[in-house]
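What follows is calculated from the coordinates using simple rules that are stated; it is not laboratory data. Computed from a predicted structure; not experimentally measured. Ideal geometry is used to build each Cβ from the backbone, glycine not excepted, and the neighbour counts take in all protein chains shown.
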Amino acid sequence: MKSTLFIFLIALSQITFAQNIDSTTLVKAKWQKQKIAPKTKLITHHFDQKNLFAANQYIAYIEIKRKGNAPVFAFGNEIKEKKTTSTFGKELNALAAINGTFFDVANGGSVDFIKMDGAVIKQNVLDKNGNRARHQKAAIVIDQGKLSLKKWDNTPNWENTLTEKDVMLSGPLLTFNQHNEKLDTTSFTKARHPRSAVGFKPNGNIILLTVDGRQENSAGMSLYELTNLMRWLGCSSSINLDGGGSTTLWVSSFAGNGVVNFPSDNKKWDHEGERKVANVILLKKKQ
């Protein structure tokens, strides 16, 4: 019994030590920063020495200060025809866009609850037993252009009672009000994939983030690693979006096609591998 406990404590100390190294690496990195709108910066860094979670990682995020003439948030959604994140951004005259929640790959449209301008576009697609997925247990909501996060209260009709005019369910929730949420142990959670996330800082700042993956230049992250990343960037609440091949961060002023990260669907280290999606989160100029 004592030897088992000793081995456990050694393993725990090794994990803690590794996390301390990773958090220090993240903080000390020389991030590239570029102003893309009032109160809004694009921030990127390529960890190319296998020095973050013992792997190469390319991280890109937009940080928005919620004050003054900062951009406002909106959703973009298509019921049937899917579009790339960049197409959504261009057609809806956005400053920036990130892919949204989970969708039906074969038929298009969201599998999660969507409400826009007060009208319900789609109800949750539940499993055969009537249970909701983990990505249906939190909501990103917009009220007068301001983005915030809501947690499911365990009632069956929760999302329909939310008063905000714009609601998008997604997940799983990573952290909420400084508390790490419990994650499952499925391969979706444990394996490394490209990831997309939204983070909320105590000072009101909001982060729209992508981590590339499935490539030698960027391994991607597990949801455990993504949770740590968002906390180390200062987020007290954070939520996972539909990642994988959908992972795309687009900025209208960025060179080329505006895609900042390296989407993985074409299996090339370039900005051309976007997957078509059903919905996005947009940043738009304040009117």
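Return the equivalent ellipsoid semi-axes of the range 145-204 as a descending list in whole Å, where each equals the square root of 5 times an eigenvalue of the C-alpha gyration tensor.
On the way: eigenvalues 101, 53, 30 Å².
That gives 22, 16, 12 Å for the three semi-axes.
How large is the convex hull of the Cα atoms of the chain per residue, expressed in Å³ as a whole number?
On the way: hull volume 42.0 nm³, N = 287.
Hull volume over Cα atoms, normalised by residue count, gives 146 Å³.
Give me the Kirkwood hydrodynamic radius of the range 23-87, using the inverse of the mean 1/r over all pairs of distinct Cα atoms, in Å to one decimal.
It is 14.6 Å.
List the GluC sites (Glu not before Pro) within the range 75-133 that DSSP assigns to loop and that have no more than 10 neighbouring Cβ atoms inside 10 Å.
E81
List the residues of the range 127-146 whose backbone N lies under 19 Å from a point placed 7 Å from the Cα of K285 along the Cα-to-Cβ direction.
Flagged as within label range: 145-146.
Roughly how many debye, to the nearest 20, is the charge dipole of the chain about its Cα centre, given +1 on each Lys and Arg Cβ, -1 on each Asp and Glu Cβ, and no other charges?
Value, rounded to 20: 680 debye.
Give me the orientation-averaged projected area of the Cα convex hull of the range 63-177, in nm², one decimal. If you can, show how the numbers build up before the last one.
Numbers: hull surface 32.7 nm².
That works out to 8.2 nm², a quarter of the Cα hull's surface.
Just need log10 I(q)/I(0) for the range 151-245 at q = 0.11 Å⁻¹, Debye formula, equal scatterers on the alpha-carbon atoms, no solvent, rounded to two decimals.
Summing over Cα pairs of the range 151-245 leads to -0.34.
If R0 is 25 Å, what FRET efficiency do you get for K80 and K35 from their C-beta distance, rounded to 0.05?
0.10
So how do 206-214, 63-71, 51-59 stack up, highest first, on mean other-Cβ count within 10 Å? Intermediate results must be reported in sequence, preceding the final value.
Numbers: 206-214: 24.8, 63-71: 16.7, 51-59: 20.4.
Packing proxy ranking, top to bottom: 206-214, 51-59, 63-71.
Below 8 Å, C-alpha to C-alpha, sequence gap of six or more: please give me the relative contact order for the chain in percent.
Worked out over the chain, it gives 24 percent.
Can you find, among G220, I59, P202, the residue sitting farthest towards the positive end of the charge dipole of the chain, where Lys and Arg contribute +1 and Asp and Glu -1 at Cβ?
Positive-most Cα among the choices belongs to P202.
Among 264-275, 156-167, 19-30, 243-254, how do they line up by average Cβ neighbours within 10 Å per residue, starting with the highest? Intermediate results must be reported in sequence, preceding the final value.
Numbers: 264-275: 16.5, 156-167: 15.0, 19-30: 13.2, 243-254: 23.9.
So the peptides 264-275, 156-167, 19-30, 243-254, ranked by packing, come out 243-254, 264-275, 156-167, 19-30.
Report the charge-dipole magnitude of the range 148-286 in Debye, nearest 20, computed about the Cα centre from +1 at each Lys and Arg Cβ and -1 at each Asp and Glu Cβ.
Dipole about the Cα centre, nearest 20: 240 debye.
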